[in-house]
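Asker: Can you keep this structure in mind? I'll have questions shortly.
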Amino acid sequence: MKTLLLAFFSLITVSVFSQNALKPVTWHAVYVEKSATEGEIVFTATIEKKWHIYSQRPTDVGPIPTSFVITPNANFESVGKVEEKDAHEEYVAAFDAKVFVFSGEAVFKQKVKRKNKKAFTINTSLEFMCCNDAQCLPPSTLNFVVAVPETTAKK
């Protein structure tokens, strides 16, 4: 009976802790039309206070840089690489080094050229790592299906 009760309370404890798992970063991905033939996928990370994520800039000191995969299909082509803005250099005690980070919010944009006017989707994924002054969470990979609506713009 004691073993059964101990097992029961252990399961409840695991369940409670897994429900309260840290998720200090929330991501969204949307398509923004710029013209009848061009647009961009905008990835936005909302980052809780005291947490940060890392730039795409490679580093040899430890943190995993944010990275993106845009899966090609017949409806579009990627133009250039994913761009980022406003990363700032900061000393991060966890790595005993200065690295480029985002705090509060991070915005990344991938330009795309449409090959037709019809609606379609773009499969994407991203990998990121987040830390605060006391800990780093393991890198996470997220998948998005970005809806590209039928174009309303005129050429």
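Since every read-out is calculated from the coordinates, none of them should be taken as a lab result. Since we're looking at a predicted model, the values are computed, not measured. Positions of Cβ are backbone-derived with ideal geometry, glycine not excepted, and every protein chain shown enters the neighbour counts.
Residues checked against (1) touching a residue at least 12 places away in the same chain (Cβ under 8 Å); (2) more than 18 Å from Lys81 (Cα to Cα); (3) among the β-branched types (Val, Ile, Thr):
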position: Ala21; (1), (2), (3): no, yes, no
position: Gly39; (1), (2), (3): yes, no, no
position: Trp51; (1), (2), (3): yes, yes, no
position: Arg57; (1), (2), (3): yes, no, no
position: Gly62; (1), (2), (3): yes, yes, no
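Asker: Given the conditions (1) surrounded by fewer than 14 Cβ atoms within 10 Å (Cβ to Cβ); (2) closer than 27 Å to Val32 by Cβ, report the number of the one that Thr151 does not fulfil.
Answerer: (1)
Let's see how each residue does on (1) touching a Phe, Trp or Tyr at 6+ places or on another chain (Cβ under 6 Å); (2) closer than 20 Å to Ala134 by Cβ:
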position	(1), (2)
Glu48	no, yes
Ile53	yes, yes
Ile64	no, yes
Asn75	yes, no
Val82	yes, no
Ala87	yes, no
Ala94	no, yes
Ala97	no, yes
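Asker: Which of the following residues is under 19 Å from the mean Cα position of the chain (by Cα) and exposed (fewer than 12 other Cβ atoms within 10 Å of the Cβ): Asn143, Asn132?
Answerer: One residue alone meets the criteria, Asn143.
Asker: Name the single residue, out of those in the range 75-104 being hydrophobic (A, V, I, L, M, F, W, C) and out of contact with any strand residue (DSSP E or B) (no Cβ under 8 Å at 6 or more places or on another chain), that is nearest to Gly39 (Cα to Cα).
Answerer: Taking the candidates together, the pick is Phe95.
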